[in-house]
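As structure tokens, the structure follows; a few thoughts come after it.
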Amino acid sequence: MMVDAADELVETLFRREAGKLSAWLVRLLGAARLELVEDAIQDAFGVALARWPSDGVPDRPAAWLAVAARNKALDRLKREARSMPLDESAAWRLGFAGPESLGRLDDTLALMFVACHPALERDEQTMLTLKTVCGFGVKEIARAYLSTPDAVAQRLVRAKRKIRDLNLAFEIPEGAEMTRRLPALLDTIYLLFTGGYTAGEGEPLIAPELCAEALRLALLLAEHPRAGTGAAQALAALICFQHARAGARVSGEGELILLADQDRTRWDGALIARGLDHLQKAMTADALTAMHVEAGIASLHATAASFEATDWRAVAHYYAMLEELKPSAVVQLNGAIATAFAEGPAAGLARLDRLDGAGKLDRYALYHAARGDLLSRLGRCSEARDAFGRALDCPVNNAEREFLARRLQACR
Amino acid sequence: MPDFILFLHRQAGPPPALAPEQIMAMIKDYSGWADRMRKEGRFKAGDKLTNDAGRVMRAKSGRISVTDGPYAESKELVGGYYIISAKDYDEACRIAESNPHFKYGGNIEVRQVDAV
């Protein structure tokens, strides 16, 4: 029992503290030593796992882990000195560092700028962020990316090697450098969030954590005086609005609940208010980005008293703007759905059928489901049944399959 | 309990060249001492200063001059500091006595922080 409890605590602490420890140690030792830092942290948790069950858990476990990780890093620095001159100033910095300087938000932000360096590929950036900034394990990352732990580990090694060769300064960039490097951070956070938000089957445990991490990092960026640009504010707003609905999106049985059927009293009002605050700040920016428009759409949903009371004309108008800024078949699809609510099912269907020519959405269940919905509202039942049937032929998860089957049944 | 600053004085000039193992042993001595202070709940802050002598600024006939430090007449400079809490000067000195700085040929100046 005792052993299990300590094991569990170490695991929880790893998720909560590993990112902070990385940011702290990378500041002291330099971005080129990311690998050494991660190994030292791993060592420290190994010691905790070995000792705590018998010795008992220390009074301040996070501080204990920081001291242990610092000492392990000192050992590794000493070992490093066998093959190259000892980095004396790094060793002294480390020796004088203590848990008091742990958990600075600027360190986390600087570490994000390392992990999302433009020299890395997109998925290297997200994986490295999950690993070093968020403290996710290789297994968890593999689960989120539907990959194998070995493949993820290999990508991480490659990414860390690139970082080492770049010899980056550990800092929050300024001026033109900030402008150049910030978009990759925003993209990474956006991907973390959408990855968690639209998780398919098999990763129910990781999805809420991904969203929570994306929210934490987005707020961190938005609240920084230099990193909190208009686009960063818009991203924070978007995630606040979406995350505010998280509790109402899934039923007690784990079924997906659509926006129209969600219990709006279960939305997180404080988070929506925070989103509105960030949206307002986003509007002071000189450039309007796709993120602004997406946040605008989310704000209309988040502030509507009911599904019916939603300002669908404004939603449709925003989607038209989004189509210009970020043309994609999915955006067009959502625009057509908004048109259906703003101007009636016939207008929406006309737009959907114009999209059909593109053919890109043919394997996209939501497209056929939307057509089925509009056709059934127009009383064209047999066509609606065909559309729901085609939706069921597309890749869908269990919750979606049950939903579509119910709709198909209802078309009589 | 009041705070005391421990100024770690050392000989002016570059620190003696030591083998990596000796440097690492020295660092462990200092970090181990600070960790004991942390465990006792006395540790407030502490930093090593860079190895250069810094700058000294002086007002001279209405103008401020900046020269490389330390003061020409001084043979010592401050290499680092700690802030610890102690009951009084006697206790602060007793605690400072255990600091490895003496083992490495340095002196410690103990000053009480005038808490407001």
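The values are calculated or read from the model by the stated rules, or taken from the named source; none is laboratory data. Keep in mind that what you see is a predicted model, and the values were worked out from it rather than measured. All Cβ positions, glycine included, derive from the backbone under ideal geometry; neighbour counts span all protein chains shown.
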How do the strands (runs of 3 or more DSSP E) wholly within region B:11-109 filter down when requiring 3 or more residues that are free of Cβ contacts under 8 Å to residues at least 40 places away in the same chain and surrounded by fewer than 14 Cβ atoms within 10 Å (Cβ to Cβ): which remain?
B:55-60, B:63-68
Helices (runs of 4 or more DSSP H) enclosed by region A:1-100 - at least 1 residues per element that are polar (S, T, N, Q) and within 25 Å of A:ARG216 (Cβ to Cβ)
A:2-29, A:34-55
Index of the failed condition, A:ALA342 passing every other in (1) free of Cβ contacts under 8 Å to residues at least 24 places away in the same chain; (2) closer than 21 Å to A:VAL315 by Cβ
(1)
If you go through region B:58-78 one residue at a time, do you hit one that is touching a strand residue (DSSP E or B) at 6+ places or on another chain (Cβ under 8 Å), within 14 Å of another protein chain (Cβ to nearest Cβ), over 25 Å from A:GLU88 (Cβ atoms) and modelled with pLDDT of 90 or more?
no
Top-ranked residue in region B:4-24 [being more than 20 Å from B:GLU97 (Cβ to Cβ) and among the aliphatic types (A, V, I, L, M); ranked as farthest from the other protein chains (Cβ to nearest Cβ)]:
B:ALA12
If you go through region A:356-412 one residue at a time, how many are part of a loop (DSSP other than H, G, I, E, B), within 31 Å of the chain's Cα centre (by Cα), small (Gly, Ala, Ser) and at pLDDT 85 or above?
0
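A:ALA212 - would you say it is out of contact with any helix residue (DSSP H, G or I) (no Cβ under 6 Å at 6 or more places or on another chain), crowded, with 16+ Cβ neighbours inside 10 Å and part of a helix (DSSP H, G or I)?
Working: out of contact with any helix residue (DSSP H, G or I) (no Cβ under 6 Å at 6 or more places or on another chain): yes; crowded, with 16+ Cβ neighbours inside 10 Å: yes; part of a helix (DSSP H, G or I): yes.
Against the criterion (out of contact with any helix residue (DSSP H, G or I) (no Cβ under 6 Å at 6 or more places or on another chain), crowded, with 16+ Cβ neighbours inside 10 Å and part of a helix (DSSP H, G or I)), A:ALA212 qualifies.
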Selected residue (only one of A:ALA410, A:ALA347, A:ALA340 is surrounded by 15 or more Cβ atoms within 10 Å (Cβ to Cβ), closer than 21 Å to A:LEU256 by Cβ and of a type in the set (A, V, I, L, M, F, W, C))
A:ALA340
Unmet criterion (only one of (1) assigned to a helix (DSSP H, G or I); (2) at pLDDT below 95; (3) not charged (D, E, K, R)) for A:LEU156
(2)
Hey, among A:GLY254, A:GLY275, A:GLY247, which residue is loosely packed, with under 15 Cβ neighbours inside 10 Å, part of a helix (DSSP H, G or I) and within 22 Å of the chain's Cα centre (by Cα)?
A:GLY247
Exactly one of A:ALA405, A:ALA369, A:ALA387, A:ALA399 is crowded, with 19+ Cβ neighbours inside 10 Å and more than 26 Å from A:VAL293 (Cβ to Cβ), and that one is A:ALA387
Say whether the condition of being at the interface with another protein chain (Cβ under 8 Å from one of its Cβ atoms), of a type in the set (D, E, K, R), more than 14 Å from the chain's Cα centre (by Cα) and under 19 Å from A:ALA73 (Cα atoms) is met by at least one residue in region B:43-54.
no
Just to be sure, is A:ILE189 more than 18 Å from A:LEU221 (Cβ to Cβ), crowded, with 21+ Cβ neighbours inside 10 Å, β-branched (Val, Ile, Thr) and touching a residue at least 24 places away in the same chain (Cβ under 8 Å)?
no
Tell me, please, whether a residue that is over 30 Å from A:ARG249 (Cα atoms), hydrophobic (A, V, I, L, M, F, W, C) and not in a helix (DSSP H, G or I) can be found in region A:170-186.
yes
Could you tell me which of the residues A:PHE136, A:PHE113 is within 28 Å of A:ILE272 (Cα to Cα) and either at pLDDT 90 or above or part of a helix (DSSP H, G or I) (or both)?
A:PHE113
May I ask you to list the residues in region A:103-141 that are of a type in the set (A, V, I, L, M) and free of Cβ contacts under 8 Å to residues at least 12 places away in the same chain?
none
Can you name the residue in region A:34-80 that is among the basic types (Lys, Arg) and touching a helix residue (DSSP H, G or I) at 6+ places or on another chain (Cβ under 7 Å) and, of all such residues, is nearest to the other protein chains (Cβ to nearest Cβ)?
A:LYS78
Residue within region A:278-297 that is under 23 Å from A:ARG406 (Cβ atoms), touching a residue at least 40 places away in the same chain (Cβ under 8 Å) and either of a type in the set (A, V, I, L, M) or in a helix (DSSP H, G or I) (or both) present:
no
Only one of A:SER83, A:SER101 is closer than 23 Å to B:ASN51 by Cβ, surrounded by fewer than 19 Cβ atoms within 10 Å (Cβ to Cβ) and more than 7 Å from chain B (Cβ to nearest Cβ). Can you tell me which?
A:SER101
Tell me which residues, restricted to region A:249-271, are of a type outside the set (Asp, Glu) and within 15 Å of A:THR310 (Cβ to Cβ).
A:LEU258, A:LEU259, A:ALA260, A:GLN262, A:ARG264, A:TRP267
Selection from region A:311-348 of residues that are within 17 Å of A:TYR367 (Cα to Cα), of a type in the set (Asp, Glu) and not in a helix (DSSP H, G or I)
none
